[in-house]
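Data first, discussion second: the structure below is written as structure tokens.
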Amino acid sequence: MDIFFEFLKTTGFFNMTVGNAVMILIGIVFIGLAIIKHYEPLLLLPIGFGMIVGNIPTIASMALGVYDEGSLTMGEDGIRYSPGSILSYLYYGVSQGVYPPLIFLGIGAMTDFSTMLSNPKLVLLGAAAQIGIFLTLLGALALGFSPAQAGAIGIIGGADGPTAIFLSSRLAPELLGAIAIAAYSYMALVPVIQPPIMYLFTTREERLIRMAPPRVVTQWEKIIFPIAAFLICTLIAPGSLVLLGMLFFGNLMKESMVTERLANTARTALIDIVTILLGFAVGASTEAQTFLRPQSLMIFGLGALSFAVATAGGVVFAKLMNVFLTEKINPLVGAAGVSAVPDSARVVQMVGQQEDPHNYLLMHAMAPNVAGVIGSAVAAGVLWSVLGG
């Protein structure tokens, strides 16, 4: 019986806390949203199951959790290395910012910048939407976060999970789990969060505006763009070199037409593998003991605010541009300035067709959408350069 009772003390049932149960329940909700509502299932399902895995209680003598890293100890027989858990090695790609650049490589290989090149003024909408990042930074400072932590929290407003993970791994690794979950949660909830804001800041007449079809972009323009854009962006913000280098490298492989096999691998197998590992590892990092803190709730609140401000910023800036333009922009397109590709552009299309079923805004919305990816990476580079010291 003594052996039996000692065994019971090692079980997850015995060591389960209320916090662990809450996080497991949240993980199940994420899985439900992925399967039932189809909210970003490629992200929410791995994250949700990772949450369940990360909150199964373990005993101290067994290295199983994400934070059970390898260590060196000095013994009588010399230095001894104690290996970390398998999950800690998977999480290494998150904590050291390895996974985000690989995802950017795949995004670049599947992105068509033609719509942005055909109507360059729409790039400004992608830039305007980044206002959410910097206003949230000020809000985080007001709540008592350090400048580095505030910068990492602010990037949630870009609605770009990989960029949020990359920047927080550099500026505020202690907040990485909460920031990553907040960023991916709001990315998944784009169809829920954005439409009310879009309706609030536009009139029906504005939502009915039809835009001229984009011009045809030549192949040489598509080839020159990733090289020129990389040079310009990274000379402005060297901190964005890794993310934008992989993004534009992937795009160049796609557009050059001579490395189709490599581009196909980057946009299919590679990005799928990395997405699985990143989502699962981020979910597993949400151990209740480290995740359920007042800071996490503040980060989620600030993340929601930044996302709403970014959406509103893009819409309002489009309305401002219309004051000076003869060929009007549908202000709904401004909401796609956040870099949740392609979900924000799809939401623009959906809202536009609710007013006019024959108004096709998707291709126009893709321009600020992909510009937002570049904009959030540049913003992350600026924040790293300024706050990284």
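The values are calculated or read from the model by the stated rules, or taken from the named source; none is laboratory data. Just so we're clear, the structure is a prediction, and the values are computed from it rather than from any experiment. As a convention, Cβ positions derive from the backbone with ideal geometry for all residues, glycine included, and neighbour counts pool all protein chains shown.
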So, in segment 50-65, of the ones that are among the aliphatic types (A, V, I, L, M) and modelled with pLDDT of 90 or more, which residue ends up nearest to the chain's Cα centre (by Cα)?
51
Residues satisfying the stated conditions in segment 112-133, i.e. surrounded by fewer than 24 Cβ atoms within 10 Å (Cβ to Cβ), under 29 Å from residue 274 (Cβ atoms) and under 17 Å from the mean Cα position of the chain (by Cα)
127
Of all residues in segment 72-95 being exposed (fewer than 12 other Cβ atoms within 10 Å of the Cβ) and part of a loop (DSSP other than H, G, I, E, B), which is modelled with the highest pLDDT?
77
Where residues in segment 310-322 are surrounded by 20 or more Cβ atoms within 10 Å (Cβ to Cβ) and among the hydrophobic types (A, V, I, L, M, F, W, C), which of them is farthest from residue 134 (Cα to Cα)?
318
Every listed condition ((1) outside any loop (DSSP other than H, G, I, E, B); (2) within 26 Å of residue 182 (Cβ to Cβ); (3) modelled with pLDDT under 85) holds for residue 26 save (3)
Taking segment 323-354 on its own, how many of its residues are part of a helix (DSSP H, G or I) and surrounded by 17 or more Cβ atoms within 10 Å (Cβ to Cβ)?
16
Whether any residue in segment 29-49 is free of Cβ contacts under 8 Å to residues at least 24 places away in the same chain, assigned to a helix (DSSP H, G or I), over 30 Å from residue 270 (Cβ atoms) and over 18 Å from the mean Cα position of the chain (by Cα) is what I want to check.
no
Among 205, 260, 221, 255, which is out of contact with any strand residue (DSSP E or B) (no Cβ under 7 Å at 6 or more places or on another chain), within 19 Å of residue 122 (Cβ to Cβ), assigned by TED's automatic domain parsing to the domain that holds residue 370 and charged (D, E, K, R)?
221
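This table checks each residue for (1) within 20 Å of residue 161 (Cβ to Cβ); (2) surrounded by 15 or more Cβ atoms within 10 Å (Cβ to Cβ); (3) at pLDDT 95 or above; (4) aliphatic (A, V, I, L, M).
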{"position": "189", "(1), (2), (3), (4)": "yes, yes, no, yes"}
{"position": "228", "(1), (2), (3), (4)": "no, no, yes, yes"}
{"position": "246", "(1), (2), (3), (4)": "yes, yes, yes, yes"}
{"position": "295", "(1), (2), (3), (4)": "yes, yes, no, no"}
In segment 36-58, which residues are of a type in the set (Val, Ile, Thr) and in contact with a helix residue (DSSP H, G or I) (Cβ under 7 Å, 6 or more places away or on another chain)?
47, 52, 53, 56
Among the residues of segment 123-162, the number that are among the polar types (S, T, N, Q) and outside any helix (DSSP H, G or I) is 2
Among 389, 301, which is the only one that is at pLDDT below 95, under 30 Å from residue 146 (Cα atoms) and part of a loop (DSSP other than H, G, I, E, B)?
389
Quick one: which residue in 276, 271 is in the same structural domain as residue 383 (by TED's automatic domain parsing), in a helix (DSSP H, G or I), modelled with pLDDT of 95 or more and over 30 Å from residue 59 (Cβ atoms)?
271
Could you check, for segment 233-243, whether at least one of its residues is under 24 Å from the mean Cα position of the chain (by Cα) and closer than 16 Å to residue 271 by Cα?
yes
